[in-house]
1. Could you tell me how many of the residues in the range 26-85 are more than 22 Å from Thr6 (Cα to Cα), more than 35 Å from the chain's Cα centre (by Cα) and of a type in the set (D, E, K, R)?
2. Being assigned to a strand (DSSP E or B), polar (S, T, N, Q) and closer than 28 Å to Glu70 by Cα is the filter here; which residues of the range 82-138 pass it?
3. Among the candidates Ala46, Ala59, single out the residue that is among the small types (Gly, Ala, Ser) and surrounded by fewer than 14 Cβ atoms within 10 Å (Cβ to Cβ).
4. Here is a list: Glu90, Glu100. Which entry is modelled with pLDDT under 75 and in the same structural domain as Cys133 (by TED's automatic domain parsing)?
5. Pull up the range 118-139, narrow it to residues that are touching a helix residue (DSSP H, G or I) at 6+ places or on another chain (Cβ under 8 Å) and of a type in the set (Gly, Ala, Ser), then point me to the one that is nearest to Thr89 (Cα to Cα).
6. Consider Ala66 carefully, then state whether it is part of a helix (DSSP H, G or I), surrounded by 11 or more Cβ atoms within 10 Å (Cβ to Cβ) and of a type in the set (Gly, Ala, Ser).
7. Mind checking which residues of the range 51-109 are within 27 Å of Ser138 (Cβ to Cβ) and among the acidic types (Asp, Glu)?
8. Test Val39 against the criterion of being among the aliphatic types (A, V, I, L, M), out of contact with any Cys (no Cβ under 6 Å at 6 or more places or on another chain) and at pLDDT below 90, and give yes or no.
Amino acid sequence: MPVFETKALFDAISYTASAVKTLKSIDDRVKLNEAIYSVQESLLSAQQMALDSQQEMTAIVEAKGALEKEIASLRTFEAEKARYAMHETEAGGITYLVKEDARNGEPSHHICAACYQKSVKSVLQLKGLNLFCGQCGSSSEYHPRSGGFIV
């Protein structure tokens, strides 16, 4: 909550407290009703300020959580990126191929170069005679006889 909002909330509460104290000394019924109305307005204003501040803090906490999650995801992907090496296909296209010593029991596979640059791991899938990226939709022609790609 910014300082000026905190001060405004404090001022509203202080005003309300002093107004309540003056209610005791009012004998005139009309003046008493006006003072009560003024106190109620002040209380509603203070309550709205407190609610606005609470909503703002909730939004800040949620944004902080989302940023922390994104940072953790990026750090995780940096470790995953180290498992792959840039690979030039026979046709001159670029994919990323899992390193032999980093396969961890996985079969050899290629991931999409465009997605890799966006910190997204998308394993290229064979569909007919094309390798297809399910994430971004790019495809590469695959030559099963030569084992090569045309990107």
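The values are calculated or read from the model by the stated rules, or taken from the named source; none is laboratory data. Remember, it's a predicted structure, so these values are computed and weren't measured experimentally. Here the Cβ positions follow ideal geometry from the backbone for every residue, glycine too, while neighbour counts run over all protein chains shown.
1. Selection size over the range 26-85: 5.
2. Correct list: Thr95, Gln125.
3. One residue alone meets the criteria, Ala59.
4. It is Glu90.
5. Per the criteria, the residue is Ser138.
6. In short, no.
7. Passing the criteria: Glu70, Glu78, Glu80, Glu88, Glu90, Glu100, Glu106.
8. yes
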